[in-house]
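Enquirer: A single structure is presented below for examination.
The values are calculated or read from the model by the stated rules, or taken from the named source; none is laboratory data. From a predicted model like this one, the values you see are computed outputs, not experimental measurements. Positions of Cβ are generated from backbone atoms using ideal geometry, with glycine treated the same way; all protein chains shown enter the neighbour counts.
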Amino acid sequence: MSGNQSVQWRKWIRKFIRQRMNSVFMGARVDLKVSREQTKKMWDTVEIMCPYCGEFQQTDIDASAGSQEYWQDCQVCCCPILFDLQVNADHDFQVTVRRDDE
């Protein structure tokens, strides 16, 4: 194989690999456009009272994931608060907060 053929062969291989990689990654893309109405349905803001320091604070709640328990630190005293989020079939929710030692 001459030098010119070798260069052409390498260019062809690079082009082939680039096309294959683009087709693999482009096919895996997911359209993540969400309307404002859908976003409003997913996130709600609630006001809670920290069970440690007693300060009131607003926090975001994601009711779209269903009922769940998770920890979030107090925005004032940084103590861990256990959030118990209960979501019913109508997507109405109730939030209960507790200390970690209760």
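Enquirer: If a residue counts only when it is touching a strand residue (DSSP E or B) at 6+ places or on another chain (Cβ under 9 Å) and free of Cβ contacts under 8 Å to residues at least 40 places away in the same chain, which strands (runs of 3 or more DSSP E) contained entirely in segment 44-102 have at least 3 such residues?
Expert: In segment 44-102, the matching strands (runs of 3 or more DSSP E) lie at 56-62, 68-73, 80-87.
Here is a yes/no grid of residues against (1) touching a Leu at 6+ places or on another chain (Cβ under 8 Å); (2) of a type in the set (D, E, K, R); (3) surrounded by 12 or more Cβ atoms within 10 Å (Cβ to Cβ); (4) at pLDDT 85 or above:
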residue: 32; (1), (2), (3), (4): no, no, no, no
residue: 42; (1), (2), (3), (4): no, no, yes, no
residue: 56; (1), (2), (3), (4): no, no, no, yes
residue: 61; (1), (2), (3), (4): yes, no, yes, yes
residue: 73; (1), (2), (3), (4): no, yes, no, yes
residue: 76; (1), (2), (3), (4): no, no, yes, yes
residue: 86; (1), (2), (3), (4): no, no, yes, yes
residue: 93; (1), (2), (3), (4): yes, no, yes, yes
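Enquirer: Let me ask something else. For segment 54-72, enumerate the residues that are over 19 Å from residue 43 (Cβ atoms) and not aromatic (Phe, Trp, Tyr).
Expert: 54, 55
Enquirer: Taking the options 76, 87, name whichever one is touching a Cys at 6+ places or on another chain (Cβ under 8 Å) and assigned by TED's automatic domain parsing to the domain that holds residue 44.
Expert: 76
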